[in-house]
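Here the structure comes first, spelled out in structure tokens, and everything after it is commentary.
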Amino acid sequence: DVSAIVAHTRDAVYLNDFDIVAVSRDKFEISSVAGEAGNYQISKVEFGAEDVSKGDFPHYMLKEIFEQPNSVRDAMRGRLNTEECTAKLGGLNMTAAELRDVSRVVLTGCGTALHAALVGEYLIEQLANIPVEVEYASEFRHRNTPMSGNTLVFAISQSGETADTLGALRESQRKGFRTLGICNNVASTIARESDGGVYMHAGPEIGVAATKSFTSQVTILALIGLLLGRMRHLSTSQGSRVIEALEALPDQVESVLKLSDQIRSIARKYVEAEGMLFFGRQFNFPVALEGALKMKEITYLFAEGHPSAELKHGIIALVRPDLPSVFVAPDDAVFSKNLNNIEQVKARKGPIIVLTSGDGAKQLKGIANDIIEIPRALEFATPVLTAIPLQLFAYYVAVELGRDVDKPRNLAKSVTVE
């Protein structure tokens, strides 16, 4: 992890599998296990010691949550073409003809990256009208997945070193499919071995619980959806609306972060809860999964995420006065459906926390115990805005419980073993 050495040097050499290094005071030699001299390249680390300090924040996680206006902006920087109402992603290493021939997309990852991929499934299918499948990297690499010749695979990993995601990438390439990476480390193994990809530019993420990498990955998947969509059915006016929504996100994220004190007070109300349920629909179903994962990771509380409508299929048996339910319910096409599910929890005396937007707060008054209002946005852009309050909520619950937020028990930042 180069963040450990940037206070001393900005030069780094990234090793390949089975490389051996002999280091002395004034030189080093790299060879393979077989004894062959190793080829290497000295890379410049893009961030410095100030980027890996906590600054005025008590934890890295909180600092990284508050860096999201910039990390979302950097994920789009130089990648929006307002004249042609599309995205520019030269790192994909694919011609326009090759991109037009893509008939199916597979997104694979683990943990938070998998949840970003689930958002990406909705994004790409809506913007580009291409069938998308999301696969757990650990499952994808070990099963026979029938795929057509025009399938494009994306391996998503913040570190670029996740063992199962790397295994999925190699398995996909072994079967002859073009496999691209979405990662935050330009010199990582996934970045080096993939056929191309998109770099996140999120800066170092040191807290074990992923925060800004999630919103950066979702932003990049929106760019991919826009690029593929504009090559197909998406009109210039539709493309312009997508770009306007994306360009508005950094300022909207700033607005969401101003809710921090309100979210802290809500967290204090529920700190005695033994667990929580998270619900969402469509684009925000994966956000419910991600909110539950954040709560599990850093508070050690039981937490589950579900599509809201699944409440009736067994989950409602868990609802009780001491188990809060968190609904991600912006004022969108399925708000009335979410409202119905919220009323079912209310009827069974379950405490309710709702993230909403637009006119949602008016309709929820008297039903929800706590309402968090986010800015109104196009449906595809809402996951970036709804994820952040859930990150803050989990953070403040963990702090109230006295947990080690940046280094939760049993977890590692990069899972480099199976």
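Starting from residues that are charged (D, E, K, R) and not in a helix (DSSP H, G or I), keep the ones in region 375-417 and report whichever is farthest from GLY111 (Cα to Cα). I'd like the intermediate steps shown before the answer.
Quick first cut of region 375-417, residues charged (D, E, K, R) only: 376, 379, 400, 403-404, 406-407, 409, 413.
So of that shortlist, the ones also not in a helix (DSSP H, G or I) come out as 376, 403-404, 406-407, 409, 413.
Numbers: ARG376: 28, ARG403: 21, ASP404: 20, ASP406: 17, LYS407: 16, ARG409: 16, LYS413: 11 Å.
Filtering region 375-417 for residues that are charged (D, E, K, R) and not in a helix (DSSP H, G or I), the one farthest from GLY111 (Cα to Cα) comes out as ARG376.
Pick from GLU343, GLU379, GLU400: which is closer than 27 Å to VAL242 by Cα and of a type in the set (Asp, Glu)?
GLU379
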query: Does LEU401 satisfy the criteria of being surrounded by fewer than 17 Cβ atoms within 10 Å (Cβ to Cβ) and either closer than 15 Å to ALA292 by Cα or modelled with pLDDT of 95 or more (or both)?
result: yes
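Every residue, every condition in (1) of a type in the set (Lys, Arg); (2) under 30 Å from SER240 (Cα atoms); (3) part of a strand (DSSP E or B), yes or no:
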{"site": "THR9", "(1), (2), (3)": "no, no, no"}
{"site": "ALA12", "(1), (2), (3)": "no, no, yes"}
{"site": "LEU15", "(1), (2), (3)": "no, no, no"}
{"site": "ASP26", "(1), (2), (3)": "no, no, no"}
{"site": "GLY35", "(1), (2), (3)": "no, no, no"}
{"site": "GLY55", "(1), (2), (3)": "no, no, no"}
{"site": "PRO69", "(1), (2), (3)": "no, yes, no"}
{"site": "ALA97", "(1), (2), (3)": "no, yes, no"}
field: Pairs with Cβ under 6 Å, 6+ apart, first in region 34-45 and loosely packed, with under 10 Cβ neighbours inside 10 Å, second at pLDDT 75 or above and among the hydrophobic types (A, V, I, L, M, F, W, C)
entry: ILE42/VAL13
Unique residue being touching a residue at least 60 places away in the same chain (Cβ under 8 Å) and either within 30 Å of ILE124 (Cα to Cα) or outside the structural domain of GLU67 (by TED's automatic domain parsing) (or both) when the list is VAL354, VAL417: VAL417
message: Suppose we filter VAL119, VAL106 for residues that are over 16 Å from SER216 (Cα atoms), touching a residue at least 60 places away in the same chain (Cβ under 8 Å) and of a type in the set (Val, Ile, Thr); which single one remains?
response: VAL106
message: Could you go through region 46-61 and let me know if any residue there is within 27 Å of PHE140 (Cβ to Cβ) and in contact with a Ser or Thr (Cβ under 7 Å, 6 or more places away or on another chain).
response: no
- line: Cβ pairs under 8 Å, 6+ apart or interchain, first in region 123-147 and on the phi > 0 side of the Ramachandran plot, second buried (at least 18 other Cβ atoms within 10 Å of the Cβ), ordered by first then second residue, are ASN129/GLY229
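Looking at ILE190, ILE206, can you tell me which residue is crowded, with 24+ Cβ neighbours inside 10 Å and at pLDDT below 95? Quick ask: steps written out before the conclusion?
On the way: ILE206 fails: crowded, with 24+ Cβ neighbours inside 10 Å.
Among ILE190, ILE206, only ILE190 is crowded, with 24+ Cβ neighbours inside 10 Å and at pLDDT below 95.
Considering region 257-283 alone, what residues qualify as being part of a loop (DSSP other than H, G, I, E, B), more than 24 Å from the chain's Cα centre (by Cα) and of a type outside the set (Asp, Glu)? I'd like the intermediate steps shown before the answer.
Here is the first cut: in region 257-283, the ones part of a loop (DSSP other than H, G, I, E, B) are 258-259, 270-274, 281.
Subsequent filtering for residues that are more than 24 Å from the chain's Cα centre (by Cα) retains 270-274.
Passing the criteria: TYR270, VAL271, ALA273.
Have a look at ILE342, ILE367, ILE372, ILE353 and point out the one that is of a type outside the set (Lys, Arg) and part of a helix (DSSP H, G or I). I'd like the intermediate steps shown before the answer.
Values: ILE367 fails: part of a helix (DSSP H, G or I); ILE372 fails: part of a helix (DSSP H, G or I); ILE353 fails: part of a helix (DSSP H, G or I).
The unique qualifying residue is ILE342.
Residue-by-condition table, conditions (1) out of contact with any Lys or Arg (no Cβ under 9 Å at 6 or more places or on another chain); (2) acidic (Asp, Glu); (3) under 20 Å from HIS233 (Cβ atoms); (4) outside the structural domain of VAL242 (by TED's automatic domain parsing):
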{"residue": "GLU83", "(1), (2), (3), (4)": "yes, yes, yes, no"}
{"residue": "LEU99", "(1), (2), (3), (4)": "yes, no, yes, no"}
{"residue": "ARG104", "(1), (2), (3), (4)": "yes, no, yes, no"}
{"residue": "THR108", "(1), (2), (3), (4)": "no, no, no, no"}
{"residue": "LEU114", "(1), (2), (3), (4)": "yes, no, no, no"}
{"residue": "ALA117", "(1), (2), (3), (4)": "yes, no, no, no"}
{"residue": "ILE124", "(1), (2), (3), (4)": "yes, no, yes, no"}
- prompt: Which of the residues that make up region 126-149 are basic (Lys, Arg) and either surrounded by 16 or more Cβ atoms within 10 Å (Cβ to Cβ) or assigned by TED's automatic domain parsing to the domain that holds ALA333 (or both)?
  reply: ARG141
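Looking for whichever is in a helix (DSSP H, G or I), over 19 Å from LYS413 (Cβ atoms) and among the charged types (D, E, K, R) here; the options are GLU83, GLU121. Which one fits? Break it down into steps so the answer makes sense when it comes.
Values: GLU83 fails: in a helix (DSSP H, G or I).
The conditions single out GLU121.
I'd like to verify a number: residues in region 71-111 that are among the hydroxyl-bearing types (Ser, Thr, Tyr), crowded, with 18+ Cβ neighbours inside 10 Å and touching a strand residue (DSSP E or B) at 6+ places or on another chain (Cβ under 9 Å), how many? Before the answer, list the steps.
In the first step, residues of region 71-111 are kept if they are among the hydroxyl-bearing types (Ser, Thr, Tyr); the result is 71, 82, 86, 95, 103, 108.
This time we only want the ones that are crowded, with 18+ Cβ neighbours inside 10 Å, so: 71, 86, 108.
If we keep only those that are touching a strand residue (DSSP E or B) at 6+ places or on another chain (Cβ under 9 Å) too, we end up with 86, 108.
The number of residues fulfilling the criteria is 2.
Out of the residues in region 269-307 meeting the condition of being of a type in the set (Lys, Arg) and in contact (Cβ under 8 Å) with a residue 60 or more places away in the chain, tell me which one is surrounded by the most Cβ atoms within 10 Å (Cβ to Cβ).
From region 269-307, those of a type in the set (Lys, Arg) are 269, 281, 294, 296; that's our starting set.
Still in the running and in contact (Cβ under 8 Å) with a residue 60 or more places away in the chain: 269, 294.
Details: LYS269: 14, LYS294: 28.
Ranking the candidates gives LYS294 first.
The values are calculated or read from the model by the stated rules, or taken from the named source; none is laboratory data. Since this is a predicted model, take the numbers as computed values, not measurements. Cβ coordinates were reconstructed from backbone atoms using ideal geometry, including for glycine residues, and neighbour counts include every protein chain displayed.
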